[in-house]
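Inspection log for the structure reproduced underneath, given as structure tokens.
Just so it is clear, none of the values below were taken in a lab; they were calculated from the coordinates. Just so you know, these numbers come straight off a predicted model, no measurement behind them. Note that we place each Cβ from the backbone using ideal geometry, even for glycine, and neighbour counts take in every protein chain shown.
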Amino acid sequence: MKNDGFIGTKMNITKKEVKSYLQRLYPFCRSISGSGLRETLAIIKEYIPIYLKELKTGTKVFDWIIPEEWHIQGAHIKDPKGKKIIDFKKSNLHIVNYSIPINKKIHLKELKKHLYTLPQIPDAIPYITSYYNRDWGFSMTYSQYKNLNDGIYEVFIDSEIKKGKLSYGEYFIKGKSAKEILLSTYTCHPSLANDNLSGIVLSTYLARFVSEQKNYYSYRFLFIPETIGSLAWLSQNKKNIHNIKYGLIVTCVGDSGNSTYKKTRDGNSILDQAAEKMLIDSKEPYKIITFDPADGSDERQFSSPGFNLPVGSLMRTPYGQYREYHTSEDNLSFIKPKYLLNSLDKYLKILYILENNRYYLNCNPHGEPMLGKRGLYRSFGSNLHLRGLNKAFMWILNYSDGDHSLLDIATMSNIDFQVIKEAADILHRAVLIKHANKNEPA
Amino acid sequence: MKNDGFIGTKMNITKKEVKSYLQRLYPFCRSISGSGLRETLAIIKEYIPIYLKELKTGTKVFDWIIPEEWHIQGAHIKDPKGKKIIDFKKSNLHIVNYSIPINKKIHLKELKKHLYTLPQIPDAIPYITSYYNRDWGFSMTYSQYKNLNDGIYEVFIDSEIKKGKLSYGEYFIKGKSAKEILLSTYTCHPSLANDNLSGIVLSTYLARFVSEQKNYYSYRFLFIPETIGSLAWLSQNKKNIHNIKYGLIVTCVGDSGNSTYKKTRDGNSILDQAAEKMLIDSKEPYKIITFDPADGSDERQFSSPGFNLPVGSLMRTPYGQYREYHTSEDNLSFIKPKYLLNSLDKYLKILYILENNRYYLNCNPHGEPMLGKRGLYRSFGSNLHLRGLNKAFMWILNYSDGDHSLLDIATMSNIDFQVIKEAADILHRAVLIKHANKNEPA
Amino acid sequence: MKNDGFIGTKMNITKKEVKSYLQRLYPFCRSISGSGLRETLAIIKEYIPIYLKELKTGTKVFDWIIPEEWHIQGAHIKDPKGKKIIDFKKSNLHIVNYSIPINKKIHLKELKKHLYTLPQIPDAIPYITSYYNRDWGFSMTYSQYKNLNDGIYEVFIDSEIKKGKLSYGEYFIKGKSAKEILLSTYTCHPSLANDNLSGIVLSTYLARFVSEQKNYYSYRFLFIPETIGSLAWLSQNKKNIHNIKYGLIVTCVGDSGNSTYKKTRDGNSILDQAAEKMLIDSKEPYKIITFDPADGSDERQFSSPGFNLPVGSLMRTPYGQYREYHTSEDNLSFIKPKYLLNSLDKYLKILYILENNRYYLNCNPHGEPMLGKRGLYRSFGSNLHLRGLNKAFMWILNYSDGDHSLLDIATMSNIDFQVIKEAADILHRAVLIKHANKNEPA
């Protein structure tokens, strides 16, 4: 089938597939570097042909430096009676990410300076990191913490911090145009499901689907450690950054909350308009929030003033706004494949709008053309589907003046974008409208 | 009396006159062509000197072609017992407008394919047309329809469709300027009162009153069949269309509903501002709706992208939003002369604002002029009327900077436009303000 | 201490000082000229070195002429029994301001034409003036008025209207820039506390404080009779008016009502933005109203179209909106030093914003700089105050792009301006941001 742009057909992915992929990724102790990250990228590569890129420790990336690699084999705490009360094998959240190696006996009072808990969620293990401040520590539930007896504890962390490389995955899918849409997700969190295995899984399936389509835009999918990874990528791609037309950060897409779209820095980009229209058309409740340089993910790097790229983010419940965030409760029971697939469909529909958002010119701009003689007028005899499109025909004909795109018309008329697109295709075939200038998205 | 512009004085038209005019026009079986339309234009001509224009069948008007004329003499249905159950003489809505001639006996089952009813209003006859699709049919009440007995019916339509002409009426009233204000109403509906005898009657009286005034703008009143008539007029007047500064479609102005103004395509033209200010000043409830290319009257033609004229419409309850719309219940009891006269007054006040919306310059722009020495200051001794104008004086003096018109000032200050206009006249006579550039409306 | 701009430190003024100053000023029978006005200016001069300026009677100031001086020694009414029922000594509001001298016996009926009362506040004496209409009159409570017995009354006004001068006080405080901020208050009302002794007192303390600071802007404080005084000043300073960047009218700042800011004529000046942000940051309830050329004080002169200066006004309850306005109930019990000091603090904070509202450029615009290596990242070890500033750091870094001032950033982020300013100073010292162009307020 010939296709002007991207096809919005639903993807054929089962909940079972999603679940199985999530289960494979869940156990690894990911970080911003090291083997957990590499193993994760290797699994992604089984699904889509990502290109692995590594930057050496010490490489300067803007104001930052690629850190040393962190490796962790095991870790535990033994209580005064010699009982292993914390074991890294049971949860990789127990260990503060980037903990230095340690092996000694210390008094509880001293140990407590290195323990992290969440009194407000007494049975959850918090997720703690110390990437750039050399330290060590353990996370545990507050329930366990408050029952610790006085005495001498054995603390053991079998970790290594050494020169190495920072790894990320990249998948570029060439379209008709060099202008590209960036989809970035982060791969540095250990066993946390919504934040951000959900983003990795969604990005994988979206990339695979996009690669099977004929597209106007080129697409670039990034699987990177948060912050340092986006800075690393930006530092390696300075020459091509001007090609990025829009970007989306894929994160927190699997929980049961309503969809939330975080706008680009500009707040009124075509991407923002497309995302809002998609959400309206979904007929589901949603929330739109604004860009916040003090609270967010990699859009903060892509939207720093030196780049100022229009990068938004479609989530469900935003990071930090759900109780389970950054705790052991953000596990595979917290998210559901059906919510992840719903989010995937919404990403797809944003891309569908961006690909198909054309400008047309009315070929008969003086008055309304006579639809009846072309079999396009709703009449008692006309088929029901055509009658449903009549309203869309009228809106498109009137506003196909070169100043209004299909997205503008869909928004003004409050008609679903897909209906406007279908109606425009019919009018185009009937030579009632023609492309304004080149046949390119707005 | 010398007059810069249009006088807003109430017109001296009685409810009785309005009623009598409505009653004369009501019975004709109008259509987009033919004798009912010609007879209607002849009656209008008794009130105002409209010019009759006719275009031959087959004339190309943009994407359309002037259709053949339709003439109807009579029509009926006889039931299996030979009883005349439908007779065109009783209501010209019984016959589908533009029905082809027919004279045969058919079974009820076959007949039903040509019958139109409104189950939701069981005692109303719906108004149905088939201008461009050659067909025949009858409208009847649902009450009657559901009691039809099985059997053979005689259907008889004494109509004729033949080459002829499409007729419309036009009345041009020259003003000081070649720039014109268009008032267009449609004359193609048979015995329907609000839609649109009310529009014809209002336009007639408005035209007569306008012709008696000394105006800045020229005025053009059109009495045309909907859609094809406006296209026909536009096709004949391409050269002068650029002179149209504003337009209004006069329709549905006689029912008891609140006034509703439908904005121009642009949505923020001076006409839109004037109409909204008039409605605010009226102190009556009102509604403002936006331009909708898929639902409307001839503004859709005038505002098609090739013309893009700022044409609004002041109605009461909009077409399609009252139960009686396009049924036999939209009869002379449904509308009232007092509502029609109220609408007429509102049209007049819109024109009053457009005619008098001047820009002035403060002659003493440095500080406030001393009104006291000119007898214009509200003081304990000053007359009450002047004291009421003091607020208007202050607003006009401050904003007469060349950037704000009287309408802008009236809107900002929430003072009635007529008060602002009166205050401006007093300040002008006192040489406290002067015309900015030429003495022309904004 | 080196200081880029104005310091927002609280001023050290006691309620006692304020009370004492108010008490000294209260008794004088001020007017737009004359000895009450001169004595008031002399007292102000004890606090701050104002320069006294006088314009001769008959001097043309734009459309106005400096009026003759009015002097009043005493006045009374004696009832038919010879009892002094009204005595100027008891309240200088008893006499209509600018009353001509009179000494005669008249019948009650005739007297009543010269009596002013407020039936809706029966125990209050209204404040009445007749500056430009030569007349005489007395104000009294309605309670007294309604009990007047028929008969012959003696009216006596020992006043004088003669050639003289109109006086005002001016205090100019030179800053780094010739651009100036105007603070104007009026000195023409007799014994009325909120309107406007409160304004005089606030302006005095503010001027004294400003004079002790090192400022970017120059400041000009005016103590003038309302209307004629501002016109007089404008007429004498035509050449320098272009230097006025913002202005504020100081009036009605001592009552218990919420703060009310009246916007400049433009309605969106930086002054308006600064005032609104100050009010938001105050966490107290407030109201913002728009410029109104028909209701206001000297901002109407400064904002007349020939000058069009951005002049706002920060009040508490606006003139005319409190019951006590222009009556003997607007006395020293009606206002409180604590409210006046609260208003003073708010004026100070507006100036603080205007002085410190800089544009910066991010020195590391590509991505977010690494705050950790500079000790500026909120971490478990960092001090609490720095952690509180982290959000401000992020906002400033992202929006220091030359297009957003500190006020813009504070407004967008909803962070207190003072916090944004402090955070910007820290980032500036850390060479993470630099001044955009010159180091000047926006």
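Worth a mention:
- Dipole size of the range A:359-435 about its Cα centre, with +1 on Lys/Arg Cβ and -1 on Asp/Glu Cβ: approximately 380 debye, rounded to the nearest 20.
- Each Lys or Arg adds one and each Asp or Glu takes one away; over the other residues whose Cβ falls under 12 Å from the Cβ of B:Leu182, this sums to -1.
- Principal-axis tilt of helix C:35-47 within chain C, Cα atoms, nearest 10 degrees: 30
- Span from the the range A:391-442 Cα centroid across to the the range C:202-263 one, whole angstrom: 57
- Cross-link partners of C:Lys239 among lysines, defined as those whose alpha carbon lies under 20 angstrom from its own and excluding same-chain residues fewer than eight positions apart: C:Lys53, C:Lys60, C:Lys174, C:Lys176, C:Lys179.
- A simple count of charges around A:Thr327, restricted to other residues whose Cβ falls under 11 Å of its Cβ and scoring Lys, Arg +1 and Asp, Glu -1, yields -4.
- Across the identical copies, how the A:Asn308 labels are spaced - nm, sorted shortest first, 7 Å along Cα→Cβ: 2.9, 2.9
- Stokes-Einstein diffusion for the protein assembly as shown at 20 °C, viscosity 1.002 mPa s, with a Kirkwood radius from C-alpha pairs, works out to 56 µm²/s.
- Max-minus-min Cα coordinates of the range C:26-115 on each principal axis give 51, 33, 15 Å, with the largest extent listed first.
- For the range B:121-198, the alpha-carbon coordinates run over 68, 34, 17 Å along the three principal axes, in decreasing order.
- For the range C:70-162, the equivalent ellipsoid derived from the Cα gyration tensor has semi-axes of 19, 16, 12 Å, listed largest first.
- Helix axis angle, A:337-356 relative to chain A longest principal axis, alpha carbon, degrees: 40
- Taking the Cα centre of chain B as origin and assigning +1 to Lys and Arg Cβ atoms and -1 to Asp and Glu Cβ atoms, the resulting dipole is close to 760 debye.
- Cα convex hull of the range C:145-189 - mean projected area over all directions, nm²: 7.3
- Per-residue average of Cβ from other chains inside 10 Å of A:351-364: 1
- The reciprocal of the average 1/r between distinct C-alpha atoms defines the Kirkwood hydrodynamic radius, which for chain B equals 23.8 Å.
- Amide hydrogen neighbours beyond the local backbone of C:Ile86, cut-off 5 Å, H modeled: C:Ile77
- With respect to chain C, whose longest principal axis is taken over its alpha-carbon atoms, helix C:417-429 is tilted by about 40°.
- Sorted shortest first, the separations between the B:Thr57 label point and its copies elsewhere in the assembly read 9.4, 9.4 nm; each point sits 7 Å from Cα along the Cα-to-Cβ line.
- Dipole moment magnitude, nearest 20 debye, the protein assembly as shown about Cα centre, only Lys, Arg, Asp, Glu C-beta charged: 300
- Reach of C:Lys16 by Cα under 18 Å, taken over lysines that are not fewer than 8 positions away in the same chain: C:Lys336, C:Lys338
- Couplings 3J(HN,Hα) of the range A:247-260, computed from phi: x, 9, 9, 9, 7, 6, 10, x, 7, 7, x, 5, 5, 10 Hz, in residue order, whole Hz [Karplus 6.51 cos²θ - 1.76 cosθ + 1.60, θ = phi - 60°; x for Gly and Pro].
- Set of aspartates and glutamates with alpha-carbon distance to A:Lys283 below 20 Å, sequence-local pairs under 8 removed: A:Asp255, A:Asp272, A:Asp345, A:Asp408, A:Asp416, A:Glu422
- Cross-link pairs exceeding 20 Å in C-alpha to C-alpha distance, out of C:Lys287/C:Lys421; B:Lys45/B:Lys89; C:Lys78/C:Lys113; B:Lys214/B:Lys349, comprise C:Lys287/C:Lys421; B:Lys45/B:Lys89.
- 25 °C / 0.890 mPa s Stokes-Einstein diffusion coefficient of the range C:247-301, Kirkwood radius on C-alpha pairs, µm²/s: 205
- Estimated FRET transfer efficiency when R0 is 45 angstrom, pair A:Lys89-C:Asp345 (beta carbons, to 0.05): 0.15
- Part-to-part distance (alpha-carbon centres) for the range A:64-79 and the range C:333-366, which is given in Å: 49
- Relative contact order (%) - criterion: Cα under 8 Å, at least six apart; region: the range B:72-162: 43
- Spread of Cα-to-Cα distances over 10 Å intervals beginning at zero, given as percent, for the range C:359-435: 21, 57, 21, 1
- Working note: Karplus 6.51/-1.76/1.60 with θ = phi - 60° gives the range B:144-159 the couplings 5, 4, 6, 9, 5, 8, 4, x, 9, 10, 9, 10, 9, 10, 9, 10 Hz, where Gly and Pro are set to x.
- Selection among A:Leu182, C:His385, B:Asn196 by position relative to the dipole of the protein assembly as shown gives A:Leu182 as farthest towards the positive end (Cβ unit charges, Cα centre).
- Relative contact order (percent, whole number), chain B, Cα cutoff 8 Å, 6+ residue spacing: 16
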